[in-house]
Structures are given as structure tokens and as C-alpha cells.
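Report on one structure; see the data block that follows.
Throughout, read-outs are computed from the coordinates displayed, never taken from laboratory work. Since this is a predicted model, take the numbers as computed values, not measurements.
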């Protein structure tokens with residue numbers, strides 16, 4: 001499974017208040033989610049009226065597809081009339097490397113923490 005992560009730092013020069021910022025951010029989030037079936041959230045600079053940091057996530061079995069979709073999103077944001085893309089970070093991760101620890105790194109989850117290793121639970125969470 002491939003996990004695509006995109007962080008966008010967006011300047012909103014026309015925003016004179018948090019209300020103006022929220023309008024632009026909500027429009028952008030809704031459009032990206034609708035057009036590309038990605039998850040989008042404001043992840044930073046929440047109280048700064050002319051700056052937004054958005055996180056975008058996409059999961060697929062095809063890393064090239066994930067990279068292509070995220071690059072398309074970057075171009076779309078660059079052409080948005082009310083927002084200026086200041087910076088972005090794009091990464092596509094193979095989750096098998098996360099689970100196994102990859103290049104000598106420690107795994108993010110132990111075997112006991114992985115969902116498929118957990119015992120089946122019945123009603124109310126009892127095994």
C-alpha cells in the first residue's frame with residue numbers, strides 16, 4: 001500500500017480576517033476532496049488570517065498514481081485565484097517499509113499493535 005502525503009503552505013493575500021481565510025480554505029479543501037478523492041485538513045497556522053497550512057493524504061496500491069494526483073493538486077493550488085502557494089512538501093511512502101522498519105529504522109508499530117494481530121472482539125469490545 002502506498003501513502004501519499006502533501007503539505008501545502010498557502011498565503012491568502014486578500015484575507016482581511018479569519019472569516020475571509022476560512023472561506024478560501026474551506027473552498028479549496030472541498031474542491032480538492034471532491035475532484036481528487038483525497039483527505040484534506042488545515043494542520044497549522046490556524047489563527048493566522050493570511051496563512052494556511054494544509055495536509056493532504058491519499059492511499060492507493062500504485063505509487064505512481066499517488067505521486068501524479070498529488071502533483072496535480074500542487075498545480076491546481078498554484079493556479080488558485082485567491083491563494084498563493086508559498087511552499088510544499090510531497091512524499092509517497094510504502095507502508096510495508098513503515099511496518100517493517102525499512103532501512104534499519106525502528107518500525108512505527110509493534111506486531112501487537114498492528115490491527116491484523118489484534119484478537120477479534122465481540123459486542124462491547126470483549127474478546
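Extension gain for residue 61 to residue 33 (0.36 nm times residue separation, less C-alpha to C-alpha distance): 8.2 nm. Its Kirkwood hydrodynamic radius, worked out from the mean inverse distance over all distinct Cα pairs, puts the range 1-102 at 14.1 Å. Considering only alpha-carbon pairs that sit under 8 angstrom and 6 or more positions apart, the relative contact order computed for the range 2-94 is 48 percent. Extension gain for residue 41 to residue 72 (0.36 nm times residue separation, less C-alpha to C-alpha distance): 9.4 nm.
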